[in-house]
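Inspection log for the structure reproduced underneath, given as structure tokens.
Derivation of every value follows stated rules applied to the coordinates shown; laboratory data play no part. A quick note: this is a predicted structure, and the numbers were derived from the prediction, not measured. Positions of Cβ are generated from backbone atoms using ideal geometry, with glycine treated the same way; all protein chains shown enter the neighbour counts.
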Amino acid sequence: MASKEEFRKYETGEPIVTVRNLSKSFGSLRVLKDLNCDIKAGETTVFLGPSGTGKSVFIKHIVGLLKPDEGELEVMGRNVPTLGERELYELRKHLGLAFQLGALFDSLNVYDNVSFPLSHHTRMRQKEIKSRVAEVLELVGLPGTENKLTTELSTGQQKRVGLARALALNPTIVLFDEPTTGLDPILCTTIDELILKLKTELGKTFIVISHDIEGTWNMADQVGVLYQGTLLRYGRNADVRRDDNIFLKQFFGRTEDGPMIGV
Amino acid sequence: MVRFVEFIGALFGKVLSEVGAIGLFVIKTLSVGISTFPNLKRFGEECYNIGIQSLFVVCSVGAFIGMSTALVGYATLKDLGAQNLVGIFIGIASIRELGPAVAAFMVAAKAGSGMAAHIATMRVKEQIDAMEVQAVNPFWYLIVPRFLAIMVVLPVLVVWNDFFMLGTGYMIAVFQLKINSGAVMENLLSTVAMADIWKGMIKGWVLALFIVSICTFKGFTCEPGALGVGKATNQAVVYCIAILIIINFFLSQWLYGGIGLRGM
């Protein structure tokens, strides 16, 4: 059985997530329509698109929080929609998701939040957990905040603690759901630079959901543009940036003139 | 008329589907509870949350109900010229009926609403999704410890509440109604059997199962937004109180109904 097999190491450029004809509807609303793409290991892939086009729904499929109506989604060799509960939990130990609003446990302090996956999935001693928590908090630029309550943190800090928690288990794939939404321009740049720094330092696979165009050009190796549930374009950063597609030109040009309608 | 029948049919269907969903939720909780070793730290926290935090409210309400029981019992028995038997009235009413029911209602109102609101807030703030993504089963972390804790704590609270009700009832009977303290005590002791205390604990245990099932289910399946949290909490308490009254009747029927029939 796939679940009993070890999770193998993926070489840079090798497809680590493959999506085939993925579709999802909520009632009569079709949110994802026949999505197809290969996400490569060791690269940063950014999915761009206006609000309400199914970006967050897509990321929730990758981590198995939602099941597609049709299609296949393979993550690290596991077909996610067909996995049982235990197999899915095994896979998730190799994935880290930083939620849009942090999704920190507000009854716990920063230390307890970041150490949460470590204390549940590793046999690390308290001292080792402490040192790992300090390490990831340092990585996201929040050293010494262990004893703070999450309610004492700003939105940007909460997002960064969420990212630290996602990184704690040293996952193979790190996913970000709109890391810069609702932040001021300086913090947006800080977060973008943080993702770039992490990619350089950790060499992991990053999947980012965003509608920040400038940030995307800075950090992405691959770019996918989602609009009304369809993947309009998926390819290398420079190719997508130069694409003549009328929808893309409108979106990248940040103009109302064009076929794209805001949701 | 047709619309009325349609309305009743739809309502009945909705109730049935809700009962089915709660049943599946409980089965899922039991399967997780049986297949995994419980989280003892969370169990301890929940025992504290439910027990210690509900203790004051349960006992204070119980104390006043114990006093009222003595007054009502005295007034009723006085008409029959048997006011000295008020101890029997206090004993039977407190241990067999009011002790378990009051403790359950208060725990539903205090701890049950807290459970529903906490879990619902975690649901709308994506904290339950975050737990799932971190490969920690939310049933194991959030639901099972609450099930175990309330089923341990509520029977204990029932006994505690029994003693508060008996104590305050005794004081009213002796100090306000001036009934001989020896007579009150003798009547209390002769009425209250150990079996009644056990039956009260059984009632507490069964009612606890309904409280925790409804409140955690409502929180876990909460609709989005602040409105969803409010609705989940409100429904949890209202459903709990209504169901507790019905279940309490069937429990009394099961535990004491036979005695009534034999006495006829």
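Give the distance, in whole Å, between the Cα centre of segment B:1-35 and the Cα centre of segment A:195-213.
Cα centroid of segment B:1-35 versus Cα centroid of segment A:195-213: 45 Å apart.
Return the sequence-ordered ³J(HN,Hα) values of segment B:9-15 in whole Hz as given by the Karplus equation 6.51 cos²θ - 1.76 cosθ + 1.60 applied to θ = phi - 60°, using x for Gly and Pro.
x, 5, 5, 4, x, 5, 4
Mind pulling the angle between the C-alpha long axis of helix B:53-79 and the longest principal axis of chain B? Nearest 10 degrees, somewhere in 0 to 90.
40
Hey, can you grab everything whose amide H is under 5 Å from the amide H of A:Phe47? Only 5+ residues off in sequence or another chain; H modelled, so Pro and N-termini drop out.
A:Val208, A:Ile209, A:Ser210, A:Gly224
Charges on Cβ only, +1 for Lys and Arg, -1 for Asp and Glu, centred on the Cα centroid of the protein assembly as shown; of A:His61, A:Phe99, B:Thr76, which one is farthest towards the dipole's positive end?
B:Thr76
Under the Karplus relation 6.51 cos²θ - 1.76 cosθ + 1.60, θ = phi - 60°, what is the ordered set of whole-Hz ³J(HN,Hα) values for segment A:112-128, x standing for Gly and Pro?
Karplus-based 3J(HN,Hα) across segment A:112-128 equals 5, 5, 6, 7, 3, x, 5, 6, 8, 10, 10, 9, 5, 6, 3, 5, 5 Hz.
Compute for the protein assembly as shown: radius of gyration divided by Kirkwood radius, i.e. Rg/Rh, restricted to C-alpha atoms, rounded to two decimals.
1.11
Around A:Ala98, which amide H atoms from residues at least 5 apart in sequence, or from another chain, sit under 5 Å from its own amide H, with H modelled in the peptide plane?
It is A:Leu175, A:Phe176, A:Asp177, by chain and number.
Between their Cα atoms, which of A:Lys24/B:Lys218; A:Lys40/B:Lys28; A:Lys130/A:Lys204 are more than 28 Å away from each other?
On the way: A:Lys24/B:Lys218 26 Å; A:Lys40/B:Lys28 37 Å; A:Lys130/A:Lys204 23 Å.
Table pairs above 28 Å Cα-Cα are A:Lys40/B:Lys28.
Starting at the first residue of segment B:176-191, write each ³J(HN,Hα) from the Karplus equation 6.51 cos²θ - 1.76 cosθ + 1.60 with θ = phi - 60°, in whole Hz, x for Gly and Pro.
Rounded to whole hertz, the list is 9, 8, 6, 8, 4, 4, x, 5, 4, 5, 4, 5, 4, 5, 6, 7.
So if I restrict to the alpha-carbon atoms in segment B:190-250, what is the Rg, and what is Dmax, the biggest pairwise distance, in Å?
15.5, 55
If neighbour count is taken as other Cβ atoms inside 10 Å, put B:Arg123, A:Arg125, A:Arg132, A:Arg92 in order from fewest to most.
Working: B:Arg123 22, A:Arg125 9, A:Arg132 19, A:Arg92 25.
Going from least to most buried by this count: A:Arg125, A:Arg132, B:Arg123, A:Arg92.
Using the alpha carbons of segment B:40-257, what is the convex hull volume per residue in cubic angstrom, as a whole number? Can you show the working numbers first?
Numbers: hull volume 25.8 nm³, N = 218.
Enclosed volume per residue, from the Cα hull, is 118 Å³.
Would you mind checking which residues have amide H under 5 Å from A:Thr205's amide H? H placed 1.01 Å from N; only 5 or more apart, or other chain.
Amide H neighbours of A:Thr205: A:Gly42, A:Val174.
Which value in deg cm²/dmol, rounded to the nearest 500, describes the helix-derived mean residue ellipticity at 222 nm for chain B, given -39,500 (n - 2.57) per DSSP H run of n ≥ 4 and division by the residue count?
Rounded to the nearest 500, it is -27000 deg cm²/dmol.
Return the ratio Rg/(2.2 N^0.38 Å) for segment B:100-149, where Rg is computed over Cα atoms only.
On the way: Rg = 13.0 Å, N = 50, 2.2 N^0.38 = 9.7 Å.
Normalised Cα radius of gyration, segment B:100-149: 1.33.
For a footprinting-style exposure proxy, rank B:Val159, A:Val208 by other Cβ within 10 Å, fewest first.
Fewest-to-most ranking of B:Val159, A:Val208: B:Val159, A:Val208.
Kindly put A:Val240, B:Val58, A:Val57 in sequence by how many other C-beta atoms sit within 10 Å of each C-beta, fewest to most.
So the residues, fewest neighbours to most, are A:Val57, A:Val240, B:Val58.
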